[in-house]
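A short write-up of the structure that comes next.
FYI, it's all coordinate maths here, none of it is from the lab. On a predicted model such as this, the values are computed, not experimentally measured, just so you know. Virtual Cβ from ideal backbone geometry, glycine too; neighbours counted across all protein chains shown.
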Amino acid sequence: MSVFSRLYTTSSLLIVATMASHMALAQPASRIVTVGGSVTEIVYALDQQDRIIARDTTSSYPDQVAKLPDIGYARALSPEGVLSVAPDLIIAIEGAGPPETIDVLQSAQVGFVSVPEVFTADGIVAKIRTVGAAVDQVQAAEVLVTQVASELTEAQNAAQKAANGDPKKVLFILSTQGGRIMAGGTNTAADGIIHMAGGINAVTAFDGYKPLTDEAVTIAAPDVILMMDRGGDHGAAAKELLAMPALIPTPAAQNGKVVRMNGLHLLGFGPRTASAITELSQALYGETN
Amino acid sequence: MSLTIEMPKRGSLPVDRRVQARQLTVILVALLAATSVLSLAWGASGTSLWGALVDLAAGRELSRLDSIVLFDIRLPRLCLGILVGASLAVSGAVMQGLFRNPLADPGIVGVSAGAGLAAISAIVLGAFLPPAIRDLTGNYLVPVSAFFGGWGSTLILYRVSTRRGQTSVATMLLAGIALGALAGALSGILVYMADDNQLRDLTFWGMGSLAGATWTKVLAATPIVLAALAVAPFIARGLNGLALGEAAAGHTGISVQRVKNISILSVAAATGAAVAVAGGIGFIGIVVPHLLRLATGPDHHSLLPNAALLGASLLLAADMIARTVIAPAELPIGIVTAVLGAPVFLWILLKRHGAMGL
Amino acid sequence: MQAFDIEVVLGKSQVLNGVNFTAKPGEVTAIVGPNGSGKTTLLRAMTGEIPYSGKVLLNNKNVAGLKPWQLAALRGVQPQSTTIAFPFTVLEIVRLGLTAGLSAAEKELPLRALEKVGLTGFGNRMYQDLSGGEQQRVQLARVLTQIWRPVVDGAPRWLILDEPVASLDIGHQFTVMDLTRDFSARGGGVVAVMHDLNLTAMFADKVVLMDAGHIAAQGSPQSVLTDANLAQTYGCPLPVCTTPHDGTPFLLPQARHARVT
């Protein structure tokens with residue numbers, strides 16, 4: 001991450017925290033819209049779910065979230081759609097928008113808190129603090145922070161131990177649409193979780209999710225392939241995947257190592273990330289004591 | 001360029017289609033009024049137009065929420081919908097007249113390609129711009145870029161296809177395809193550079209939406225669109241004459257080059273503005289003129305104003321669907337116009353096919 | 001109407017080499033010649049449809065300096081064939097000959113023009129449904145609407161026709177040629193590219209015979225349509241006779257390989 005974005009994140013954190021505390025002083029919000037899967041999870045973890053009246057499309061955990069109205073995709077929110085659920089506070093993951101919608105919401109005196117997204121343990125802690133301040137649960141948030149941070153440390157330590165100085169190379173595949181492998185590079189949630197789980201990302205040549213040429217896949221020589229779980233027959237899907245010419249020579253294909261995990265659990269960077277680390281670490285290195 | 005020739009059934013023709021067209025204008029004005037009122041009255045939130053009107057009539061103040069929903073969300077959105085719908089439909093009709101082809105659309109003069117490339121550049125590269133420029137445009141970097149991108153590519157195309165003061169429509173068509181391919185390739189490079197969020201933004205931009213309607217956008221687009229639409233009466237006779245072919249049109253006293261200049265520039269302005277504020281919205285520019293030609297014939301004196309009215313009404317109707325069908329979320333309007341427009345268009349073609357026994 | 005030193009180069013070939021052409025008001029001037037002799041090219045150059053070098057005068061004014069609407073007030077041009085891009089009715093096409101700001105009486109011109117070309121009652125038919133010959137007459141009606149009066153303010157107007165009878169039956173060929181005589185008799189000028197030499201002989205006051213990009217002969221039908229001129233330009237024997245009552249020339253072509261009867 002560049003120095004600038006780091007600075008930006010820090011300053012926006014401060015601003016958001018200030019805003020949130022001011023609002024908290026005014027009156028606690030009772031009709032909250034959460035935007036972003038991890039944001040929704042944190043509000044649930046703080047036991048404030050009764051105050052959530054609507055959520056965005058990416059919020060799918062826990063299951064009862066599905067009963068709430070869906071205000072659409074986080075970056076294409078409709079102003080009247082959001083207003084129609086009569087919220088008094090919107091807590092949204094960084095990048096929610098468009099800006100025109102946010103402007104209208106703010107002019108309608110709906111509180112708006114942006115939650116920065118950084119794919120590290122500290123990033124999760126910061127998220128919890130921001131959300132906690134926004135829902136006026138600073139103390140509960142600190143309790144949750146302590147718990148989550150220790151879980152994360154523990155999970156990461158266990159993962160490091162399991163790796164035993166010999167980290168596995170993990171290739172995160174977002175999709176294989178049309179035989180093209182979309183892989184997760186640096187600065188992605190996938191990259192973050194792979195490192196936390198004691199692995200190393202097989203792709204470091206680019207930022208974000210991009211198609212990887214077949215030869216680069218072969219050269220990357222991943223030990224394990226990591227994918228999101230989209231349901232269906234895993235056995236057959238894995239067979240088909242590993243039969244792709246680019247993957248055949250890789251150690252992952254030779255050992256049949258394909259790991260599938262729930263997308264939001266794996267990449268959400270919320271309260272459940274410690275369990276995701278443990279799950280991934282076990283999938284990579286097998287059960288350890 | 002191949003021409004699709006449309007032949008309504010014999011014997012079913014009225015004495016004078018001009019009278020019919022004027023009657024249709026009255027109907028379309030009423031339709032636009034009705035859709036306008038409906039779009040003000042209809043929305044995801046519970047705000048009631050009638051309730052608000054009653055309150056206002058009684059001298060009561062509106063609640064803050066109602067006033068924001070009516071005056072900062074629905075009203076600018078209504079205005080933007082009218083501007084965009086009218087622009088797209090009239091631009092389509094003008095392009096079809098100029099290119100003598102009922103399938104021409106403003107994309108032919110490079111507006112869409114240029115605007116699309118500029119919008120993608122703004123989304124992906126906007127962060128690298130000097131802060132002075134970013135401060136100047138604020139949230140409106142994408143629309144401002146799209147507008148100038150659309151104009152820029154049209155001017156390039158116009159330059160390429162104009163020799164000794166004569167613009168070759170055929171050259172423009174070919175150069176437009178080349179420029180479109182180039183813009184597509186450059187867009188592809190930018191798409192590759194884009195991160196996940198930017199990709200999502202690009203996708204949504206391409207599907208069009210009136211959701212970002214603000215008074216700023218309305219105020220910026222209004223003079224451009226009105227200026228572009230105001231020239232329509234002056235090119236109607238020229239576009240009619242062009243149906244005879246360029247040479248014959250010239251012999252009836254039409255300054256063909258002037259008609260071309262005005263048409264191309266006004267279409268670039270109107271479509272550029274529409275695309276800039278609402279993204280990519282398809283089918284209005286093809287379906288509306290086509291329907292009107294079926295109804296009252298191809299005379300541009302009535303076709304252009306009627307296209308403005310019908311285009312505006314249809315876009316408002318599509319927007320009402322877009323913003324209520326999955327409320328509180330909303331669909332991109334380009335999806336609605338394509339999902340409704342494409343089958344209607346196919347149905348018209350099939351029906352006519354049968355009637356002609358071809 | 002005069003044209004001086006008209007040269008036209010299409011691609012790499014010179015199609016017209018220095019043609020000087022004159023037509024007088026009150027006359028029907030026919031341009032004839034074999035295929036590729038440059039007669040349509042000459043007409044298109046004089047109407048400004050293709051680039052040319054030289055000078056074209058209309059009523060002693062250089063056409064290069066006139067605006068399209070000024071030219072349209074002086075001359076009407078009927079194209080050889082016209083496809084229409086959109087489903088216009090016959091009347092809508094003829095109305096394209098009208099200019100803005102006409103009196104109520106003048107707005108009746110399209111119907112009267114249709115009557116003149118024998119298409120009364122065709123006004124609401126779709127142009128595209130008509131036969132080729134009917135379409136050609138609709139175009140003539142449109143041009144007539146544009147220059148209805150052959151003389152305006154003492155200045156003649158010009159009717160310029162490219163093969164006006166090409167796809168007409170013989171009855172309508174006479175209708176159209178009679179119209180040209182009527183137009184010239186009332187003081188207007190007519191310039192027509194013609195294929196049919198017999199019709200030309202009957203209706204033209206002046207004949208311009210083109211051959212390979214230049215004028216081979218010009219003058220009265222009697223002086224131009226001679227055995228020698230025609231055999232040389234058309235490359236086949238075309239014996240010319242004259243009608244007994246008024247001496248109008250007519251052609252009686254003979255087949256080289258005649259049927260034996």
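What the phi angles of region A:140-145 give under the Karplus curve with 6.51, -1.76 and 1.60, with θ = phi - 60°, is a coupling list of 4, 5, 5, 4, 5, 4 Hz, glycine and proline written as x. Backbone geometry of region B:34-48 corresponds, through the Karplus equation with coefficients 6.51, -1.76 and 1.60 at θ = phi - 60°, to 3J(HN,Hα) couplings of 5, 5, 5, 4, 4, 5, 6, 7, 10, x, 5, 7, x, 4, 10 Hz, x marking Gly and Pro. Its alpha carbons give chain B an Rg and a Dmax of 21.1, 67 Å. Among the trypsin sites (Lys or Arg not before Pro) within region C:125-222, those in coil by DSSP and having at most 16 neighbouring Cβ atoms inside 10 Å are C:186. Each residue of region C:175-189 was assigned a 3J(HN,Hα) from its phi angle through the Karplus expression (A = 6.51, B = -1.76, C = 1.60, θ = phi - 60°), giving 3, 5, 5, 4, 4, 5, 5, 4, 5, 6, 5, 8, x, x, x Hz with x at Gly and Pro.
Legend: residue pairs A:210/A:239; A:161/A:239; C:39/C:61, Cα-Cα distance threshold 25 Å; pairs beyond threshold, A:161/A:239. The Kirkwood radius of region A:170-289, taken over pairs of alpha-carbon atoms, gives through the Stokes-Einstein law at 20 °C and 1.002 mPa s a diffusion coefficient of 151 µm² s⁻¹.
Among the GluC sites (Glu not before Pro) in region A:182-289, those located in a DSSP loop and surrounded by at most 15 other Cβ atoms within 10 Å of their own Cβ are A:287.
Radius of gyration (Cα atoms) of region C:2-251, expressed as a multiple of 2.2 N^0.38 Å: 1.01. Scanning residues 5 or more positions from residue A:185 or on other chains, those with amide H under 5 Å from its amide H are A:208, A:209, A:210, with H placed 1.01 Å from N in the peptide plane. Under 5 Å between amide hydrogens, built in the peptide plane, is the criterion, and for residue C:189 it picks out C:26, C:157, C:158, C:159 among residues at least 5 positions away or on other chains.
Using label points projected 7 Å from each Cα along Cα→Cβ, tell me how many nm separate residue C:214 and residue C:257, to one decimal. Modelled inter-label distance: 3.5 nm. Evaluated with a Cβ-only charge set (Lys, Arg +1; Asp, Glu -1), region C:2-251 carries a dipole of roughly 700 debye about its Cα centre, given to the nearest 20.
Partners of residue B:351 within straight-line reach, counting aspartates and glutamates whose Cα lies under 14 Å from its Cα and excluding those fewer than 8 residues away in the same chain: B:6. Remark on residue B:211: its backbone amide H falls under 5 Å from none of the residues 5 or more positions apart or on other chains, H modelled at 1.01 Å from N. In chain A, the calculated helix contribution to ellipticity at 222 nm averages -14000 deg cm²/dmol per residue, counting -39,500 (n - 2.57) for every DSSP H run with n ≥ 4. Helical content of chain C, expressed as a calculated mean residue ellipticity at 222 nm, amounts to -8500 deg cm²/dmol (DSSP H runs of 4 or more residues, -39,500 (n - 2.57) each, divided by residue number, nearest 500). If only the Cβ of Lys and Arg carry +1 and only the Cβ of Asp and Glu carry -1, the dipole of region C:141-207 around its Cα centre is close to 260 debye. Shape class of region C:45-108 from the Cα gyration tensor (axes a ≥ b ≥ c, square roots of the eigenvalues): oblate, since a/c reaches 1.5 or more and a/b does not exceed b/c. The alpha-carbon of residue C:116 sits under 19 angstrom from the alpha-carbons of these lysines, leaving out residues fewer than 8 places away in its chain: C:107.
An oblate overall shape is assigned to region C:218-261, the ratio a/c of its alpha-carbon gyration tensor axes (a ≥ b ≥ c) being 1.5 or greater and a/b not exceeding b/c. Across chain C, Cα pairs under 8 Å and at least six residues apart give a relative contact order of 24 percent. Think of chain A as a dipole: +1 on every Lys or Arg Cβ, -1 on every Asp or Glu Cβ, centred on the Cα centre; then among A:173, A:269, A:126, A:173 lies furthest on the positive end. Counting other Cβ atoms within 10 Å, keep those with at most 16, restrict to DSSP loop, and tell me which trypsin sites (Lys or Arg not before Pro) in region C:1-102 are left. Sites meeting the loop and neighbour criteria: C:12.
Look at the dipole of chain C built from charges on Cβ: of C:242, C:59, C:222, the Cα furthest out on the positive end belongs to C:59.
Averaged over the residues of C:90-97, the number of partner chain Cβ atoms lying within 10 Å of the residue Cβ comes to 4.
Here's the list of aspartates and glutamates a cross-link from residue A:169 could span, going by alpha-carbon distance under 15 Å and ignoring same-chain residues fewer than 8 apart: A:191, A:223. Both radii are taken from the alpha-carbon atoms of region A:45-108; with Rh as the Kirkwood radius, Rg/Rh is 0.95.
Fraction of C-alpha pairs exceeding 46 angstrom in the protein assembly as shown: 46 percent, rounded to a whole number.
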